[in-house]
Amino acid sequence: MPESVSVRCPVCRRTHQYAAPVHPCSCGAPVAPPLDPHAPATPVTHRSWDDEWVTVRCSACDRPAPWPHPEVGCSCGTMLRVPVAEADGTRDAPPAPARPPVRPAVVRTARDTVLAAARHLRRLGHRDVRRADIRPPSGILLSAPALLAWVEPSARPVDACDVEYLWLTALAQSCACVHFTLAGYTDAARTRAGALGVPLFVLDPAGTPRPVNEHADALGGQGPSFGSDRL
C-alpha cells in the first residue's frame, strides 16, 4: 500500500492525509506515484495536458508510463495538486524469465487474428484471456486481469482516435492496454500511442506479433503462457 502524506491547503491552511491511488502496470504489478512529503501542494488554477500527467516507473519491471497526477480536493473548494518525488534514477531491470517460443499459425480469418493475439498475451504471462464484455467501434476487445487488448482484424489502418478510445477505456477500467492489428497504424496513431504509453503490435501473415513502438518492445516476457487457445 502507498504511504500517505500530509497535504496542507495554502488557501485555508487545512491539513489533509492523502495516499496516491494505485494503478496496474502492463506487467500486472501495482504502481503508485511516489509522493514528496516535503514539497508544498499547489492550487490547480488551470488545466493543461502536461500538468495532468506524470511519468512513473514500475518498481517490478522498470517500465515508465504516464499516470494521472495526484490531486486532492480541500473542503474550502480548492483543488490541490500533490507534488511527486523526483526519481532517484533508473535501476537495472530484473532479468525476464524464459518465454515459450512463438508458435506460427497462418492468419486467414478474423478469428485467426484474435487467437494469435491471445496466444501472444498468454506467452507474456497474462492469465485468463477472454473476450471482453465491452464492444469497441470495430474489431474485438480481449481482457485479462489488469489488461485490455484491442484486436483489429480488418484491412483498415488504426488511427489516433482508435488509440485514444482504447486508452480511455482501459483508464476507466483501471487497467493497462495493448493493441494488435493486421493493417498497421497511421503516423498519428503511433505518435499518440507513444505519448499515452500504449504498446502497438502488427500481426504478420504467420500470426507472429511484431512490435511497432518502444512500449511494445518493452513488453518483455513475464513468464510462460497459460490456458488454452479457446475464447
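Quick note: the coordinates plus some simple rules give every number you see, no bench work behind them. None of the values given here were measured: they were computed from a predicted structure. We place every Cβ from the backbone using ideal geometry, glycine too, and count neighbours over all the protein chains shown.
Expected output is a single nm value to one decimal: the length gained when fully extending between ARG14 and ALA155, i.e. 0.36 nm times separation in residues minus the C-alpha distance. What is it? Don't skip to the end; give the middle numbers.
Numbers: separation 141, 0.36 × 141 = 50.76 nm, distance 5.69 nm.
Gain in length upon complete extension: 45.1 nm.
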Here the residues of segment 155-184 lying in the modelled label zone of ILE134, meaning backbone nitrogen under 18 Å from a point 7 Å along Cα-to-Cβ, are 159-181
Under the rule rounded for a/c under 1.5, else prolate if a/b exceeds b/c, else oblate, using alpha carbon gyration tensor axes a ≥ b ≥ c, segment 5-81 is classed as prolate
About its Cα centre, segment 110-217 carries a charge dipole, from +1 on Lys and Arg Cβ atoms and -1 on Asp and Glu Cβ atoms, whose size in debye to the nearest 20 is 400 debye
Mean 1/r over distinct Cα pairs of segment 110-217, inverted to a Kirkwood Rh in Å, yields 13.4 Å
